[in-house]
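Contents: one structure, followed by commentary.
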Ligand code: DNO
């Protein structure tokens, strides 16, 4: 397991030097943020980012994300141009030594929450998804915007996109994903870059838009479309785990045994009765997921991919990018590294 940490580049309030100070930290997870979705990242900016990361004593191994243009998800005729650009990005990143690219296939919106700073009992703040509030929201009224979302859409663009998606069923989305995978996975293999799709967060349709990377059955289907290890997963415990229908330990065990998990996002969430959830501290006792069992499954299967602590709460008065402060994610990293070390020692004793 290689411990990694998401960093948003020079604008990130979290300094890269501080990330290096987290015990056993290996890699930075980052991206180029100033290029419009669908265009090619220049080698110059890739190399600049690589140099910054390596100067800080960390590896430049994981990109999150190279976003997929909506025309590809919609299956429009213009998709081929964007797919060619995507391949070029894979080649350029492969040349720079990148090992894993994380991406998602969620229509229009990335992760969705009803509030980013819900005050918890201990005074910290966390991201929450309250179903009744989401059900009342209308993104077309410009009522909400989240850091995970592409905010460059105008109201008109959004209206047009929703119109296009009203013609798209889940099966259409599968077909469009298949077309994309069949084009890009051979390029990923040639360049030794593992593609790792991020599940939909939350794993159910929102605002009437289809979502398909949601359940074990669908992940099986996804992996079979191109049955090759370069077509793999970012297994996000919090995204999949917010559906009570998903057995996360079982999924982590199964897909890591198959060698199809290249990147792990580990966080805990507390499921509420009505399908709502709250993000919590990483420790198992705070949420509905058993983090120790999740790490045990990875350890048992000799997981040698990348793992990052996912969203943290804001604690100790920190302010910054919701979910992506330094302190709570660093606590999560230390907790996970501690579990891993314990398992490694126990395992050694067993084989003696
Ligand atoms: C949320 C993240 C996601 C993720 C993308 C991957 O915090 O896990 O935004 O980066 O879905 O494409």
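The values are calculated or read from the model by the stated rules, or taken from the named source; none is laboratory data. Since this is a predicted model, take the numbers as computed values, not measurements. Cβ atoms come from the backbone with ideal geometry, glycine included; neighbour counts cover every protein chain shown.
For this structure, a couple of remarks:
- Residue check, residue 265 within 16 Å of the ligand (Cβ to nearest atom) and not in a loop (DSSP other than H, G, I, E, B): yes
- When residues of the stretch 114-130 are limited to those that are in a strand (DSSP E or B) and closer than 16 Å to residue 268 by Cα, the one modelled with the lowest pLDDT: 116
- Sole residue being within 16 Å of the ligand (Cβ to nearest atom), modelled with pLDDT of 95 or more, surrounded by 22 or more Cβ atoms within 10 Å (Cβ to Cβ) and assigned to a helix (DSSP H, G or I), chosen from 213, 184: 184
- Inspection of the stretch 62-85 finds no residue satisfying the criterion of being surrounded by 14 or more Cβ atoms within 10 Å (Cβ to Cβ), more than 16 Å from the ligand (Cβ to nearest atom) and assigned to a strand (DSSP E or B).
- Verdict on residue 108 being within 13 Å of the ligand (Cβ to nearest atom), farther than 14 Å from residue 272 by Cβ and part of a loop (DSSP other than H, G, I, E, B): yes
- The single condition from (1) touching a helix residue (DSSP H, G or I) at 6+ places or on another chain (Cβ under 7 Å); (2) within 30 Å of residue 183 (Cβ to Cβ) that residue 262 fails is (1).
- Tallying residues that are assigned to a helix (DSSP H, G or I) and touching a residue at least 12 places away in the same chain (Cβ under 8 Å) within the stretch 156-179 yields 15.
- The residue that is nearest to the chain's Cα centre (by Cα), counting only those in the stretch 298-326 that are more than 16 Å from the ligand (Cβ to nearest atom), outside any loop (DSSP other than H, G, I, E, B) and buried (at least 18 other Cβ atoms within 10 Å of the Cβ), is 298.
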